[in-house]
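K.L.:
Here's a structure for you.
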Amino acid sequence: MNNKPYFFCYNKQLSDFLKSRKIKFITVAIDPNTRKWFSLYEVTPLLQKALDEYKESTSSISRLNIENNITSSI
């Protein structure tokens, strides 16, 4: 049995981001329980680095949106 860790990605934007980083998925499928599409990736240092970059970029955007909302409401 294969003991490699896998990452199930249910977020299309994140999947597109990973694709832009040349990270290839193993497969794309529909979860039989939720009927939602997902991309399956093998967890590697390259994938982890890209996930960290994505998390940082989206949290920066969220902080910027919050700051803009606070400034525009003053």
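Here, each number is a calculation from the coordinates, and none is a lab measurement. Given the structure is predicted, the values throughout are model-derived calculations rather than measurements. Reconstructed Cβ throughout: ideal geometry from the backbone, glycine too, with neighbour counts over all protein chains shown.
K.L.:
Which order do 39, 15 fall in if you start with the one that has the fewest other Cβ atoms within 10 Å?
P.N.:
Ordered by Cβ neighbours within 10 Å, fewest first: 15, 39.
K.L.:
What lysines could a cross-link reach from residue 36, if we take a straight Cα to Cα line under 24 Å and drop same-chain neighbours fewer than 8 places away?
P.N.:
Cross-link targets: 4, 12, 19, 22, 24, 55.
K.L.:
Order these by the 10 Å Cβ neighbour count, fewest first: 38, 8, 25.
P.N.:
8, 25, 38
K.L.:
Just report the Cα centroid separation between segment 2-19 and segment 23-52, whole Å.
P.N.:
2 Å
K.L.:
Take 53, 42 and order them by how many other Cβ atoms sit within 10 Å, fewest up front.
P.N.:
Listed from fewest to most nearby Cβ atoms, that is 53, 42.
K.L.:
In the neighborhood of residue 37, defined by Cβ-to-Cβ distances under 12 Å, what is the net charge if each Lys or Arg adds +1 and each Asp or Glu adds -1?
P.N.:
Working: positive: 12, 35, 36; negative: 31.
Charge balance in the 12 Å sphere: +2.
K.L.:
Work out the FRET efficiency for residue 56 and residue 8 from their Cβ-Cβ distance, taking R0 = 22 Å, and round it to the nearest 0.05. Display every interim value, and only then the final one.
P.N.:
Details: r = 21 Å, r/R0 = 0.96.
The calculated FRET efficiency here is 0.55.
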